[in-house]
């Protein structure tokens, strides 16, 4: 006879999985279970092992931005993905080194949700590592660079949102893609050497 914890006990525990890349720890927490369809769908169709995906994404970003040395990067020890039941109208956003993913978006997404979330992770993880002139860089450029990473990796740009904002992101991303056949040594960095942030 197999002994298991009741589903309510298991699902009420914050699920956490960590992976390491260099000195950086990557964590995933699904705070949207057991109460949301999106939280359950994240566990079923994507899985918490996406902490490793955050590590792989970061390595691509570091190489693209020529940030192979940890001193070239934003000083981040832990990158966290939180799936949460927030009704803020956002699909995903990054604050510092924490990526917030909407469980509602995951639950309502009608196509291949794992592909969509993977693309979102490429975009949002870029924000963890990119410099933005302490918030003074043009937002379309900052977002366009994040979508450039998403396109470069083969996970096409997100649809939806404000038409002008999305159009600006896509134009910037596609421009960077056409200008950079091998960007590993010359990728644009939104950086002011005196104002890293």
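The values are calculated or read from the model by the stated rules, or taken from the named source; none is laboratory data. Computed from a prediction, not measured in an experiment: that's the story for all the values here. Glycine gets a Cβ as well: all are built from the backbone with ideal geometry, and neighbour counts include every protein chain shown.
Taking each residue of the range 85-96 that is more than 21 Å from residue 132 (Cβ to Cβ) and looking for partners that are outside any loop (DSSP other than H, G, I, E, B) with beta-carbon atoms closer than 6 Å, six or more apart or interchain, yields 85/103.
Considered as a group, the residues in the range 110-126 that are in contact with a helix residue (DSSP H, G or I) (Cβ under 6 Å, 6 or more places away or on another chain) and in contact (Cβ under 8 Å) with a residue 60 or more places away in the chain include one that is surrounded by the fewest Cβ atoms within 10 Å (Cβ to Cβ), and that residue is 114. With a requirement of 2 or more residues that are farther than 22 Å from residue 142 by Cβ and at pLDDT 90 or above, the strands (runs of 3 or more DSSP E) lying completely within the range 53-121 that satisfy it span 78-84.
Among the conditions (1) within 21 Å of residue 31 (Cβ to Cβ); (2) surrounded by 19 or more Cβ atoms within 10 Å (Cβ to Cβ); (3) touching a residue at least 60 places away in the same chain (Cβ under 8 Å), the only one that residue 67 does not satisfy is (1). Taking the conditions (1) in contact with a strand residue (DSSP E or B) (Cβ under 9 Å, 6 or more places away or on another chain); (2) buried (at least 21 other Cβ atoms within 10 Å of the Cβ) in turn, residue 97 satisfies each one other than (2).
Tally time: how many residues in the range 1-50 are modelled with pLDDT under 50 and either under 22 Å from residue 125 (Cα atoms) or surrounded by 18 or more Cβ atoms within 10 Å (Cβ to Cβ) (or both)?
First pass over the range 1-50, keeping only residues modelled with pLDDT under 50: 1-20.
Now narrow it down to the ones that are either under 22 Å from residue 125 (Cα atoms) or surrounded by 18 or more Cβ atoms within 10 Å (Cβ to Cβ) (or both): 14-20.
Total satisfying the criteria: 7.
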